[in-house]
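Here the structure is laid out as structure tokens; the discussion comes afterwards.
Since every read-out is calculated from the coordinates, none of them should be taken as a lab result. Remember, it's a predicted structure, so these values are computed and weren't measured experimentally. Neighbour counts are summed over all protein chains in view; Cβ atoms, including those assigned to glycine, are modelled from backbone coordinates with ideal geometry.
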Amino acid sequence: MTFLQELTQNLKRNIREYGMYIALFVIFLFFSVATDGMFISSRNISNLFNQMGYIAVLAIGMTLVIVIRHIDLSVGFLAGFLGAVAAIALTQWNLPVWAVIPLVLVFGIGAGLITALMVAKFGIPAFVATLAGWLIYRGALLQVTLRTGTIIIPNPAFNAIGNGYIPDLPLPNFLPGLHKVTLLIGLLAAILMVISSISSRRKKIEYDFEVSSKNMFIISLIFMVILIGIITYILAGYNGLSWTAVIVLGVTLIYHFLTTQTFLGRHIYAVGGNPEAAELSGISVSKITYIVFGSMGMLSALSGMLYASRLQSATTTAGTLFELDAIAAAYVGGVSSAGGVGKVTGSLIGAIVMISLTNGMNLMGIDISTQYIVRGAVLVAAVVFDVATRKRGI
Amino acid sequence: MAVTAITILTRFDAQKILGENMSVPILEMKNITKQFPGVKALDDVSFKVNRAQIHCLVGENGAGKSTLMKVLSGVHPYSSYEGEIYLDGELQTYRNTYDSEKAGIAVIYQELALVPEMMVYENIFLGHEIRKGINVDVNETIKQTVALLKKVRLEVNPSMKVKHLGIGKQQLVEIAKALSRDARLLVLDEPTSALNETDSENLFVILRELKQEGVTSILITHKLQEVLDIADKVTILRDGQSVTTLDNNNGEVNEDVLIKHMVGRSIENIYPDREKKSKDEIILEVRHWNAYDPRLERQILKDVNLKLKKGEILGITGLMGAGRTELARSIFGNTDGYRLEGELVLNGEPISFSSPHKAINAGLAYVTEDRKGDGLILIQDVKANITIANLERILTRGLFIDANAEIRDAREFRDSLDIRTPSINQLVLYLSGGNQQKVSLAKWLYVDPDIMILDEPTRGIDVGAKYEIFTIMNQMVDQGMSIIMISSELPEILGMTDRIYVISEGRVTGEVMTQDADQETIMRYATM
């Protein structure tokens, strides 16, 4: 097989997966040209990551919820409510930041487990149970902000989560204008990626399994390294990695490994693929339901804190429509409502696609009404593409 | 001379001669070739069906029967295949199933296309309602439904919801539905695979009656005895080619001939030999087992007592609905949520399983009756299906799946069970029935159980694959496993087991040693 044949075959086989990356690339290219490069500037890209954070973590949790054939409509106002709880804990209970963050995350897990109880134990459809949650958390958010209205958070450490950047080395003369720690992290990430790819390939060869040809392997490695390089360089050109970006990347990495490399992930996809078969294979469907909704609740709490920190306050409308943005991101990212299919990395890309559209159209000065229509059209186009490629049965 | 010859022939033969000589066949498919990416599903197949006959279509799984019928019914539209279809001598160019229905072809699939929540008459006239203005003319619909139900000898209230009918009756409703659309050519895809013997016979009586009225039937089936019973002609497909068409009315056809054509060689013995060496040691005992379904407020199992010996194949048989599957599922973690009474004794120790997980840990495995519904995860690949019930085997640090070990193990099972798949990364969805069943077996062998419960292990599987499944079962017993084989097919129960329990209406009505049993004895117990 020649190299070109292998490349096209590879592309064809993974068209669904690559389709999303290609779409993202096209969107980036389009906005970069349309805004005379403003879109791709370091400052804007860095900003874009920060805008995306609170939706991205929700989308990751939502992916798993949809994979096990459920839905969670309550996450938006739950995030808003828990953001307000964090604000109250900081300003009225006077708890330190390091206590508030885990405390609120635990509250989130608790809220998720209550949803799971409704779904797994009482057999209420998730749509209904979480619609009730949507109402309840909205009411709860209004109640806790009733007296004061917006709660201002005067805590710089907490606010850094949504606005701050990782510190840099105090070497003003070395590589001026670039964020050195970010470059270092990018370099480390690239090295780690190369090493792990090589060792995994070597192991496969040891087992006598099929691997891609050497040329193909090297090309894809170079491609990945360049990609990491470009992203790192762009980010390093402004203030470096933001804390939000660190958190989103961390959550994505953890969930990616959890879903693809562990038995827990396998169990989740088995339950989504065929719950009866999963149960008869010794997997407890209700346990998986608790875990998935619990994780959704925790990520809602995280999302709420990211948002509150970014605004440096808890508002009465925080969390409005987050749930639908998260669901849209997950669907753009290729999750299937029939269950059992969908990747967390896909949903992250989906979130980036959606936020890029908003950001790019804002820069172009496009009216908000048009923005909604374009985003709706992209959502439909993404799902149509997904269904069409799935039908081809690859 | 020719005239006198016809007069002394039976009415039936006359019809045949008329059909063959004096009028065109009702259906003729000429040189059909259908290609899918990478496979030729049909290779120059020709298929001719005479008017008012019952024509059986047999062949192993993957031989092309379903594809041929999909070409006929327009699922694969005209121009997506090569060759021609003639109905009554006219070239047919269906763009979709709607076109073929209009032309008088009705296909009844294994998975019935009825709406359970709707009434019988609504189902029958679904999509071509009798109207009065913009309303449905209910009275006229019911009147016509009564007439149609009479034709298929179904005595039910037309206003009953379909979900309250048994599967056999539902099938008759489907046939009535086809007749309501003036179908002249009925295609039935394995109609009896989910029916008990009474319902199957009833179905055949009706097909014969319809034949007298001029309705032609094409029957796809795996049960060769049925072919011999009912077919006028039988066409055999193998590897996408039409091997031959035989006439069942002149005595040239028997089971051996059919098998020989189907597999391309003769199978001496349908049931592989096994040295029977069960010990007297009892591995599992079920004592005074009662199960109640709290939703239906009905007792499903009544004082069931049975013993499984180490190293034997124990058969459990009975009619459809006797409680065989319910028994297996109530033991294996009780996922249906029955209220249970009684005792389970495993290796002399009393035990109970509150979930399948616990049953698996105690050394049990259960291959379900419905492998697509609750056995396999169709949208996942072969390797994931094999390892899912025992991921512990390939975990590192108690959490991470060793992907390489998984590939290695899955390949091992693919080779040892001869699972025919292009790759272990293939989705199970795309495998044939026999190979799917092998994946089910592999999955449970991967657990390395002491006791394997096999529920209808050969349902919907062709002769060749059946033989392979039986061989695997024998190997399992040789390695010391004990098997409970649940089946409604008496020949395979008699061919494979050491000992048989017969269940009827939730109770054990008979226990026989296989060597002393025959079909009559078992049927007597089964109808007690």
field: 0 to 90° range, to nearest 10: angle between helix B:433-445 axis and chain B longest Cα axis
entry: 10
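How about region B:147-250: which GluC sites (Glu not before Pro) there lie in a loop by DSSP and see at most 10 other Cβ atoms within 10 Å?
Filter output for region B:147-250: B:Glu155, B:Glu213.
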Euclidean distance of C-alpha centroids, region B:337-379 and region B:442-462, integer Å: 13
statement: Per the helix-only model, chain A has a calculated mean residue ellipticity at 222 nm (DSSP H runs of ≥4, -39500 (n - 2.57) each, divided over all residues, rounded to the nearest 500) of -25000 deg cm²/dmol
field: Loop-located GluC sites (Glu not before Pro) in region B:81-115, at most 13 other Cβ atoms within 10 Å (DSSP)
entry: B:Glu111
- request: Summarise the partner chain shielding of B:370-383 as one whole number: the mean count of Cβ atoms from other chains within 10 Å of each residue's Cβ.
  value: 4
task: Scan chain A and hand back the longest stretch that contains none of the trypsin sites (Lys or Arg not before Pro) lying in DSSP loops with at most 11 other Cβ atoms within 10 Å.
output: A:148-391
- request: Return an integer: the convex hull volume of the alpha-carbon atoms of chain A, in Å³ per residue.
  value: 169
Neighbouring partner chain Cβ atoms per residue of B:390-400, average, 10 Å criterion: 3
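Hey, got the average number of other protein chain Cβ atoms within 10 angstrom for residues in A:270-276? Walk me through the numbers before you get to the answer.
On the way: counts 7, 1, 3, 9, 11, 2, 7.
For this peptide, the per-residue mean of nearby foreign Cβ atoms is 6.
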- request: Excluding residues on the same chain fewer than 8 positions from B:Lys358, give the lysines whose Cα lies under 18 Å from its Cα.
  value: A:Lys287, B:Lys443
field: Sparsely packed chymotrypsin sites (Phe, Trp or Tyr not before Pro) within region A:52-111, loop by DSSP, other Cβ within 10 Å at most 15
entry: A:Trp93
- prompt: Nearest 0.05, what FRET efficiency do B:Leu126 and B:Thr245 give at R0 = 45 Å with Cβ-Cβ as r?
  reply: 0.80
message: Straight-line reach only, C-alpha to C-alpha below 17 angstrom: list the lysines that A:Lys203 could link to, leaving out same-chain residues fewer than 8 apart.
response: A:Lys214
